[in-house]
Each structure stands twice: as structure tokens, then as C-alpha cells.
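Novice: Dumping the structure here so I can ask a few things about it.
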């Protein structure tokens, strides 16, 4: 007796029609009939009363049906017991720096058998994929509410100023935003990161000046390379600055209270993702 035979038998029993059963199984009807006949020979009993007008279970078929379903369910449980756990698809963004390394290390300690796939996307696409189920969760910063997504608060991300290493302010332990008034600001386009741009430009306005616009490059690495050769400034997340190696650029903290954006974990509002508890605990552990 084979699992395939029991599967065919249950399908025919549910449809009471060999043709419809074959369609459900995506095989030809003759193959279904052959396997059912083989099962009947092995059991020594007819399982179906076949007539030109209808197919119905015999008494032996009625007795076999619940047992066949139980065997098939047990087989599925056995497969699930040895199957590798599903992975976690996690959306990331530029600037997580040390945060990401520490979260992943903490998550691995809590769920060592769960593979993590990192997906880097613009924030709008990250949120759309979380809502659609393509991503299990995603790190986001200071985003507007999105239908179908909830954002769980994690930590605050302070910003530091990136300056030419040769600039006099680069030797300071901290600076105020107002001290940067004479330098052009090289900042990403607002469409790319509205929360960051609004925060930095707003801080400049509060300090009493309009920052002269600096060149906008395609990537942070390009911007830092330019800052290493010209008197410009930009902002970088402190956690990211600690893993950057740019000897011609200095990273200087802002004077308290400084500039910071909140980081959260975006998940589907309706269905919690797998391993959410372990991931949140890992996020809580990330600075330990």
C-alpha cells in the first residue's frame, strides 16, 4: 500500500467522480483508476460501487476513508517535523550599521536554525512588501502610517555631522548646528528620505540660517568622498559612522539634545510574521 494510492482514494471519495478526481490530482483518469484497482486488490475488497450513472463508497470504502485521511495527515506531520524552518525575510536600509550586526547576532542566538534573508529596498517599497507579505518585517525610520502595516518602536538613531577631517570643527568633541552655517550641506533629495531632510533642514532653520545647498551625489559613499576634498558637510547615523572607514572625513556628534530619528520594525497589521517575538527580543538585546 502506497501513500499515493491512499491520496487517490481520498480524492475520489470526496469527488465521487473519477474524472473530477483526476482533474484535482492533475493526472489522467486512467492512472487514477489503475491505482484504485491496485489498492483494492491489495486490500481484497472493493472500495467503490461503480455504475454508469454514479460512483459511491462501499461499506469497506466507508471504513477505510477516515483511516486513510489519518495516515495522510500523519505523513504530513512527519514531513513537517524534519523540514527546515522557514526563513525570515527582513527589509533593511542604509545606515543601520552596528545595529544590524548586533540584531542579527542576537537573533541567531535565539533562533539558530532560522535563516535570515536581508532585502535592501527604498522605504516605500519596503512598506509595500511588508503589507503584501513579500517581506516578514522591515526596519524603517520615522515613516507615515501605511494601511495594513504597523510599526513597532525600537530605538532612537542619533545623527552626527560628517566634515572634512582637515576642517577646524573636525577636532571638536561635539558641535552645534549653528556652527555649520557657513558650509554647504550635501543632503539627499527630500523624495528619497523626507523625514531626514525635514529634520536636518528644520534644525538649521531653528538655528537661524538657511544651509547653502551642496552637491547631491548618487550614494553616501560618493558624498563622503566629495566631503574629503571640499568644505562641505552632511549627516550620518552614528551607528553607521562607527563602521565607516573614511580617513579624510571626521564624524562629530551634535551638542545635546542633538538630532535623532526613531527606528521601528514594520510588520503586517493583520498577521504577525514568524519569529516576531525572537526578532523583537533580539532588537532589545542589540546594544548588549
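Novice: GNM on the chain, C-alpha springs below 10 Å: top fluctuator among 208, 148, 44?
Specialist: 44
Novice: Neighbour counts of other C-beta atoms within 10 Å: give me 154, 3 arranged from fewest to most.
Specialist: 3, 154
Novice: Between residue 27 and residue 270, what's the calculated FRET efficiency when r is the beta-carbon distance and R0 is 35 Å? Round to 0.05. It would help to have the intermediate numbers written out before the result.
Specialist: Working: r = 36 Å, r/R0 = 1.04.
So, using R0 = 35 Å, E works out to roughly 0.45.
Novice: Round to the nearest 0.05 the FRET efficiency obtained for residue 174 and residue 280 when R0 = 22 Å and r is the Cβ-Cβ distance.
Specialist: Numbers: r = 32 Å, r/R0 = 1.46.
Working from the Cβ atoms, E equals 0.10.
Novice: Please report how far the C-alpha centroid of region 13-71 lies from that of region 239-288, rounded to the nearest whole angstrom.
Specialist: 58 Å
Novice: Among DSSP beta bridges lying fully in region 89-263, give the percent that are antiparallel, nearest 5.
Specialist: Antiparallel bridges make up about 60 percent of those DSSP assigns within region 89-263.
Novice: Same structure again: Taking the simple approach of a point 7 Å from Cα along Cα-to-Cβ for both residue 125 and residue 222, what is their distance in nm?
Specialist: 1.7 nm
Novice: Give, in nm to one decimal, the length gained when the segment between residue 144 and residue 165 is fully stretched (0.36 nm per residue of separation minus the Cα-Cα distance).
Specialist: Gain on extension, residue 144 to residue 165, equals 4.0 nm.
Novice: Can you compute the label reach from residue 181? Point 7 Å from Cα along the Cβ direction, backbone N cut-off under 20 Å, restricted to region 224-268.
Specialist: 231-235, 254-259
Novice: Viscosity 0.890 mPa s, temperature 25 °C: give me the Stokes-Einstein translational D for the chain in µm²/s, with Rh taken as the Kirkwood radius over C-alpha pairs.
Specialist: This corresponds to a translational diffusion coefficient of 103 µm²/s.
Novice: State the three equivalent ellipsoid semi-axes of region 3-82, derived from the C-alpha gyration tensor as the square roots of 5 times its eigenvalues, in descending order and whole Å. Write out the running numbers ahead of the final one.
Specialist: On the way: eigenvalues 92, 45, 24 Å².
Output for region 3-82: semi-axes of 21, 15, 11 Å.
Novice: If I model a spin label as a point 7 Å beyond the Cα along the Cα-Cβ vector, how far apart are those points for residue 201 and residue 67 in nm?
Specialist: Roughly 7.6 nm, to one decimal.
Novice: Here's something else I'd like to know. Rounding to the nearest 10 and keeping the result within 0 to 90°, find how far the Cα-based axis of helix 194-206 lies from the longest principal axis of the chain.
Specialist: Result, in degrees: 20.
Novice: Treat each spin label as a single point 7 Å out from the Cα along the C-beta direction, and report the residue 104 to residue 2 distance in nm.
Specialist: Going by the 7 Å Cα→Cβ label model, 4.4 nm.
Novice: Could you tell me the distance between the Cα centroids of region 167-218 and region 98-166, to the nearest Å?
Specialist: 24 Å
Novice: Quick one: compute the contact order of the chain, relative version, from alpha carbon pairs under 8 angstrom and 6+ residues apart, as a percent.
Specialist: 24 percent
Novice: Can I ask one more? For region 195-288, rounded, prolate or oblate, judged on the Cα gyration tensor with a ≥ b ≥ c (square roots of eigenvalues), a/c < 1.5 rounded, else prolate if a/b > b/c? Provide the component values of the computation, followed by the final result.
Specialist: Working: a/c = 2.24, a/b = 1.79, b/c = 1.26.
Cα axes put region 195-288 in the prolate bin.
No value in this document is a laboratory result; all are computed from the given coordinates. Fair warning: this is a prediction, and the values are worked out from it, not measured in the lab. Cβ: placed from backbone, ideal geometry, glycine included. Neighbour counts: every protein chain shown.
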